[in-house]
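Chemist: Questions regarding the structure given below will be posed in turn.
The values are calculated or read from the model by the stated rules, or taken from the named source; none is laboratory data. Bear in mind that the values here come from a model prediction, so they are computed numbers and not experimental data. For neighbour counting, all protein chains shown are included, and Cβ atoms are generated from backbone atoms with ideal geometry for every residue, glycine included.
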Amino acid sequence: MRFLLSDEQREFARTLDGMLGACGTPAVVRAWASGEHKPGRDLWARIAEAGVFGLAVPERYDGMGPLPVELAVAFTELGRHAVPGPLVETVAAAAFLDRLGDGAAAGEWLPKIASGDAVVGLCAGAPFALDADAADAVLVVRGDTVCRTDAHGPVQPSLDPARRLSRPLGGTVLARGPAVAAAAAHAVDIARLTTAAQALGLGRALLTATVEHVKRRTQFGVAIGSFQAVKHRLADTLIGLEFAQPLVHAAALAVAANAPSAGREVAAAKVAAGEAGHAAARTALQLHGALGYTEELDLSLWIRKARPLRDAWGTPADCRARVLAV
């Protein structure tokens with residue numbers, strides 16, 4: 001399959017890139033990691049105003065979606081700029097409520113998600129919820145039951161300080177039955193797709209920053225980017241990202257078409273993009289040398305996201321098993 005973004009989709013990506021580039025996301029990430037949510041919520045409002053969350057919400061609830069391809073485009077840019085917060089979880093929660101069917105919960109939360117007025121997390125098949133301390137509500141799926149809760153345990157340490165994990169507590173049952181499990185499976189596909197897009201964008205940002213660094217950094221009187229070993233490492237990183245991108249776009253198309261193979265295609269994209277983003281982080285760390293280990297360097301905020309994104313919403317082993325499932 002040959003897939004090219006439309007002019008409108010490319011312009012959407014450029015607009016988001018320009019907006020996020022002017023927002024000073026490193027300061028936002030550091031504030032979020034310290035538990036200060038206001039800068040992040042202000043940025044969240046701007047992202048919502050750009051229409052990102054509306055892409056996951058149906059028109060009948062004041063959204064524009066569901067539009068999986070545009071979501072993949074948007075989340076690639078969000079990953080490129082390392083935007084913190086439960087972005088994936090909120091669009092996955094929107095997909096879950098939409099697939100669950102019209103009801104009080106959908107009517108209450110979907111318009112708020114589309115407008116950016118609500119941050120709604122989703123915890124499905126995992127013991128911890130992401131950024132529950134910043135969410136207005138968390139939907140917790142256990143088997144064929146979904147509960148809504150706004151209570152959580154203490155924040156747990158994470159490899160990425162801006163990914164704040166805590167165990168959801170208690171909750172009010174919203175629905176039970178086979179429809180819950182089916183809606184949760186769809187939401188997991190959306191979460192994996194958008195996480196893969198984030199990892200892709202993150203990897204591209206890391207590669208760009210590393211290329212610029214090796215052009216400036218000199219050794220033995222020449223730029224280290226002229227060394228053959230460095231060129232090969234960068235080329236391998238680029239190839240991984242280039243191979244992952246069409247898989248992410250193809251998976252988005254499969255989800256949009258509600259294809260029977262969508263779950264497997266999403267899992268394949270998640271593996272490829274997650275591994276490519278993680279490889280880009282390792283390359284950035286190695287080629288930046290001792291600088292790569294310093295928390296003061298803004299690039300460290302990107303490097304520390306790569307491993308968690310690779311494993312979030314399904315480790316590579318989990319996703320490979322999904323690809324091979326009949």
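Chemist: For region 142-179, how many residues meet the condition of being among the β-branched types (Val, Ile, Thr), more than 28 Å from Leu202 (Cα to Cα) and within 23 Å of the chain's Cα centre (by Cα)?
Modeler: Here the count works out to 2.
Chemist: Residues Ala280, Ala254, Ala267: which one is assigned to a helix (DSSP H, G or I) and in contact with a Gly (Cβ under 6 Å, 6 or more places away or on another chain)?
Modeler: From the options Ala280, Ala254, Ala267, the qualifying one is Ala280.
Chemist: Can you tell me which residue within region 172-212, out of those that are modelled with pLDDT under 95 and in contact with a Lys or Arg (Cβ under 6 Å, 6 or more places away or on another chain), is surrounded by the fewest Cβ atoms within 10 Å (Cβ to Cβ)?
Modeler: Here the residue is Thr172.
Chemist: Pairs under 7 Å by beta carbon, first residue under 9 Å from Pro111 (Cα atoms) and surrounded by fewer than 18 Cβ atoms within 10 Å (Cβ to Cβ) in region 45-60, partner charged (D, E, K, R) and at pLDDT below 95, six or more apart or different chains?
Modeler: none
Chemist: For region 106-222, please list each of the strands (runs of 3 or more DSSP E) lying entirely inside it that holds at least 3 residues being without any contact (Cβ under 8 Å) to a residue 40 or more places away in the chain.
Modeler: 137-142, 145-149, 172-176
Chemist: Here's a follow-up. Listed residues Ala276, Ala306; which is buried (at least 24 other Cβ atoms within 10 Å of the Cβ), within 13 Å of Gly203 (Cα to Cα) and in contact with a Phe, Trp or Tyr (Cβ under 9 Å, 6 or more places away or on another chain)?
Modeler: Result of the check over Ala276, Ala306: Ala276.
Chemist: Would you be able to tell me the number of residues in region 292-317 that are assigned to a helix (DSSP H, G or I) and either in contact with a His (Cβ under 7 Å, 6 or more places away or on another chain) or in contact (Cβ under 8 Å) with a residue 24 or more places away in the chain (or both)?
Modeler: Residues in region 292-317 being assigned to a helix (DSSP H, G or I) and either in contact with a His (Cβ under 7 Å, 6 or more places away or on another chain) or in contact (Cβ under 8 Å) with a residue 24 or more places away in the chain (or both): 13 in total.
Chemist: Can you pull out every residue in region 20-61 that is closer than 12 Å to Val83 by Cβ, of a type in the set (A, V, I, L, M, F, W, C) and part of a loop (DSSP other than H, G, I, E, B)?
Modeler: Scanning region 20-61 gives Cys23, Ala50, Val52.
Chemist: Kindly evaluate Asp236 against the criterion of being buried (at least 19 other Cβ atoms within 10 Å of the Cβ) and out of contact with any Gly (no Cβ under 9 Å at 6 or more places or on another chain).
Modeler: No.
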